[in-house]
Amino acid sequence: MSESLIATTASETSTAIPAIPPGVRLLTLENGLTLIIREDHSAPVVSAQAWCKAGSVDEGRWLGAGLSHVLEHMLFKGTRTRAAGRIDQEVQDAGGYMNAYTSFDRTVYWINVPNTGATVAIDILCDIMQNATIPSEELEKEKQVILREMDMNQDDPGQRSARRLFETAYTRSPYRFTIIGYPDIFNEVRRDDIYAYYREKYAPNNVFFTVVGDIKASDVEAQIRKAFAESKAKAMPPCVLPEEPKQVAARAVIEEAPIELSHFHFSWHIPDLRHSDVPLLDVLATLLGSGRSSRLFQEVREKKGLVNSVDAWTYTPGNPGLFGMSAIVEPDKFEPARDAMLAEVERLRRDGIAPEELAKAVKQFTAATLASRKTMQGQAQDLGGSWMAANDLNFSARYLEAVKRSTPADIQRVAQEYLTSENRTLYGLVAHGTAPKKFEQIDQYTETPVQKFDLPNGIRLLIKENHRLPFVEFRAVCKGGVLAETADNNGATLLMSRMLMQGTATRTAEQIVTEIESLGGSLDTYGGNNSFGVNAEVLSADFSTGLDLLSDVLLNPAFPGDAFEREREIQLGNIKAQRDELLHSASRLMRQELFGNGGYGLHSLGTESSVQHLNIEQLRDFHRRLAVPNNAVLAIFGDIDTQVVRRAVEQKFAAWKGGTEALTKFSIPDFPRAKKRVVETRDKKQAVLIVGFPGGTLQGPDRYPLELLQEACSDLGSRLFLRIRENLGLAYYVGAQNFVGLTPGFFAFYVGTAPDKIDLVESELLKEAELLRADGLTEEELKRSKAKVIGQKKIARQDLGGYAMSSALDELYGLGYLHGDAEDAKYEAVTLDQIKESARKYLLPDSLVVAIIKP
């Protein structure tokens, strides 16, 4: 029996299905370019597609570099007659949409347009297939985008596990290499290599067009003939791919990763798409794992509850492919889910299937296949796929007929023949600590402790090497914020920090954001209560550019007038918007009454009056005084070399001179010595109440007891929540806040409630404060608070950017860059007596502010 699906098709079916589908025009030009054109006037739409018969397996000595994928990104970036961005504009002007995709054996570019745009769409595709220029500046941008895409694929457990399955299942076939490429090989590719690959593979005799829709076939033919009149056929040596050796033993690779749910896949090797068994295997995959009525869904998900999702599939490219099953599970269910899925395979191999189950699967497969042809794009894709598979435009129709002829005996036979244990591969990507012991592996990476360097101009540089991921985190911080402001210039720090991104002496605002985003990185600024600064993240390969951008933004802001007016209007808008946020408004009211008209009594946004009166010169003056090296800390953490980073920073910041007015002294607030009550009314339905007490400082000994006290009063099991919301039903929300600063901050209780419950809520909060003064916390409350606070800080430290920021701020505020490393022990050391002592010291009945906002 022949292995060709076409050869094994019954004679009556062969006569029923012609070589070319009705209404399709197939021709090959003298230079080898093939045209497949179908007129379909059912809708005024056209899908034009250009197929290059070259994908990731055809990259020769650059196998694993992802050249085909690079071209997918680059061909729309400009030609000899169209500059970068022009193609996008033309397609949009035509009312269309374009995209492309790359596979192992093809790269396809498509444009969907209304019929009025057909000529434009075809002209663009003819142009990019012959005249792409691969501009160097655009290529460098796209390479950075692709590198970020590689990192994203590594971070995504679904993408990562699928790639690793192919790397495990295939040992010699180039299908084992990812289509997008690998960074080490990709980084070696130069523009000339990519352009040479383009000139070699995008020859007319290695390309074909499919055009379907409301067109006149003769017009399309004439247009493409004219466009390719000067293109000559090229010698195209056959691409001989290594054959995958027969798998003779089961393979299993289980790897751990920092993920929440475990992803795993089974695969079995199967023949190529043209083999007569492949349609039967597609039916097998449908009945085993397609839809909610499939065996895997019903047995493994619904009845046994072992998986979150499960399916079965076939991957059938031009060369031998894979049959597979995939699942996503809770970490503790990996092994039972794995065994249950294999049990379903064995049951099918042993017992076969009923005719009605087969009929359902055939109908499912048929409906899905036909549904894909509803659109012009779907028709063009179907014709192109059939041509790629077998040079037979009706291949999909013959395939569907083979599916319809399948019998229960056929399905059981292919299951028994291919789904054997020795032909099976298992790949699992599981959560840390959940791999079966025999597969246990440790994810190794290197890191060094934070090191501090005091540079000659006064800047303190913190460096930490962490090579787990190829990122670099920059955090540049300076003292400032509301502590550096007065009531007259309140909001200046935040507005100044936002202006840093609005252009420098050498870059416009647009150039700044374009340059950082072209690297796949991020750059932003902030202004707060105690500091302001610049944050950046780039891939490690872009360290120099990232450092240059950060230093330029921090040191050389231009403060353009038009941007100043725009940013000031936005800040004024945010001030107005905050009036709709009642909890923020009440907090602001409490702070003003507690601290007065300065320090933490000010808000980082400022007031409408103060921001209205700010001018550019005031912002320049803030920058001159505060953005100085002796008032700054720069933290650089990530995939770096310490000495390289130190030298680069010393060189980049060498001209940054120390100032004389670095922010070192602050006035201590004069807290009220009696209970104060302040009320504002708003046209709202709810009411908010905050009780604020004078608080402690970042450096003070009471910081840790107060933070644990806050936690004990804030979670869903806290005494405030249980008493005021659950037992009395007085609150929508209730909690506590401990704000510590460079000068004394505040400790507050807050509640959202109904307006008629305000007085009762106030009374209950003051009672709770009195109970805390008298009794402190229980041992259970303190234990729970410690676990929550310490646990949250451990979780936060896994974010390298957050770690860099906290280390930089600790150093800036005088705590020392190693302060965070010792915090866990300081929380653990807090006693019940210290909690009670802090409550008695700060929750004073005659030194507090009650702030209320109500209708």
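Summary of values
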| read-out | value |
| --- | --- |
| Cβ pairs under 6 Å, 6+ apart, first in segment 561-578 and within 11 Å of Met499 (Cα to Cα), second in a helix (DSSP H, G or I) and of a type in the set (Lys, Arg) | Glu567/Arg498 |
| Phe297 vs. criteria buried (at least 24 other Cβ atoms within 10 Å of the Cβ) and touching a helix residue (DSSP H, G or I) at 6+ places or on another chain (Cβ under 8 Å) | no |
| Count - residues of segment 484-510 that are in a loop (DSSP other than H, G, I, E, B) and either of a type in the set (S, T, N, Q) or touching a Pro at 6+ places or on another chain (Cβ under 8 Å) (or both) | 6 |
| Top-ranked residue in segment 721-735 [being in a helix (DSSP H, G or I) and surrounded by fewer than 22 Cβ atoms within 10 Å (Cβ to Cβ); ranked as modelled with the lowest pLDDT] | Glu726 |
| Residues of segment 201-245 satisfying the condition of being more than 26 Å from Pro271 (Cβ to Cβ), loosely packed, with under 15 Cβ neighbours inside 10 Å and among the acidic types (Asp, Glu) | Asp219, Glu230 |
| Some residue of segment 260-281 being aliphatic (A, V, I, L, M), without any contact (Cβ under 8 Å) to a residue 40 or more places away in the chain, closer than 24 Å to Gly318 by Cα and open to solvent by 10 Å² or more (accessible area, probe 1.4 Å) | no |
| Among (1) modelled with pLDDT under 95; (2) of a type in the set (A, V, I, L, M); (3) within 30 Å of Ile185 (Cα to Cα) - the single one Leu550 does not satisfy | (1) |
| Listing of helices (runs of 4 or more DSSP H) fully contained in segment 763-855 that carry 2 or more residues being among the charged types (D, E, K, R) and open to solvent by less than 60 Å² (accessible area, probe 1.4 Å) | 779-797, 800-812, 823-828 |
| Given (1) farther than 16 Å from Pro449 by Cβ; (2) touching a Lys or Arg at 6+ places or on another chain (Cβ under 7 Å), index of the condition Ser838 fails | (2) |
| Conditions (1) without any contact (Cβ under 8 Å) to a residue 40 or more places away in the chain; (2) surrounded by 18 or more Cβ atoms within 10 Å (Cβ to Cβ); (3) charged (D, E, K, R); number of the one not met by Asp156 | (2) |
| Enumeration of residues in segment 531-562 that are touching a Gly at 6+ places or on another chain (Cβ under 7 Å), closer than 26 Å to Thr607 by Cα and of a type in the set (Gly, Ala, Ser) | Ser531, Ala558 |
| Which listed residue, of Phe595, Phe543, Phe559, is of a type in the set (Phe, Trp, Tyr), touching a Pro at 6+ places or on another chain (Cβ under 9 Å) and open to solvent by less than 50 Å² (accessible area, probe 1.4 Å) | Phe595 |
| Hits in segment 169-193 (condition: part of a helix (DSSP H, G or I) and surrounded by 20 or more Cβ atoms within 10 Å (Cβ to Cβ)) | Ala169, Pro174, Tyr175, Phe186 |
| Filtered residues of segment 404-437 (kept if aliphatic (A, V, I, L, M), assigned to a helix (DSSP H, G or I) and crowded, with 18+ Cβ neighbours inside 10 Å) | Ile411, Val414, Ala415 |
| Condition check for Ala229: without any contact (Cβ under 8 Å) to a residue 40 or more places away in the chain, closer than 30 Å to Gly117 by Cβ and assigned to a loop (DSSP other than H, G, I, E, B) | yes |
| Sole exception among (1) surrounded by fewer than 17 Cβ atoms within 10 Å (Cβ to Cβ); (2) touching a residue at least 12 places away in the same chain (Cβ under 8 Å); (3) assigned to a helix (DSSP H, G or I); (4) hydrophobic (A, V, I, L, M, F, W, C) for Leu287, by number | (1) |
| Residue within segment 563-572 that is surrounded by fewer than 23 Cβ atoms within 10 Å (Cβ to Cβ) and either under 24 Å from the mean Cα position of the chain (by Cα) or basic (Lys, Arg) (or both) present | yes |
| Qualifying residue in segment 361-379 (condition: in contact (Cβ under 8 Å) with a residue 12 or more places away in the chain and more than 30 Å from Ala43 (Cβ to Cβ)) | yes |
| Elements of type strands (runs of 3 or more DSSP E) in segment 32-102, at least 2 residues being open to solvent by 40 Å² or more (accessible area, probe 1.4 Å) | 34-39, 97-102 |
| Given (1) open to solvent by 10 Å² or more (accessible area, probe 1.4 Å); (2) assigned to a strand (DSSP E or B); (3) free of Cβ contacts under 8 Å to residues at least 60 places away in the same chain, number of the condition Tyr750 does not satisfy | (3) |
| Only listed residue being at pLDDT 90 or above and closer than 30 Å to Met376 by Cβ, chosen from Asp105, Asp93 | Asp105 |
| Yes/no for Arg350 being modelled with pLDDT of 90 or more, open to solvent by 60 Å² or more (accessible area, probe 1.4 Å) and part of a helix (DSSP H, G or I) | yes |
| For Arg475: the one exception among (1) open to solvent by less than 20 Å² (accessible area, probe 1.4 Å); (2) in a strand (DSSP E or B); (3) at pLDDT 95 or above | (1) |
| Single residue of segment 511-540 satisfying the filter (touching a Lys or Arg at 6+ places or on another chain (Cβ under 8 Å) and part of a helix (DSSP H, G or I)) that is least open to solvent (accessible area, probe 1.4 Å) | Ser518 |
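The values are calculated or read from the model by the stated rules, or taken from the named source; none is laboratory data. As the structure is a prediction and not an experimental result, all values here were calculated from the model. Note that we place each Cβ from the backbone using ideal geometry, even for glycine, and neighbour counts take in every protein chain shown. Calculation scope for accessible area: heavy atoms of the full protein, side chains included, ligands and nucleic acids excluded. Shrake-Rupley method; radii C 1.70, N 1.55, O 1.52, S 1.80 Å.
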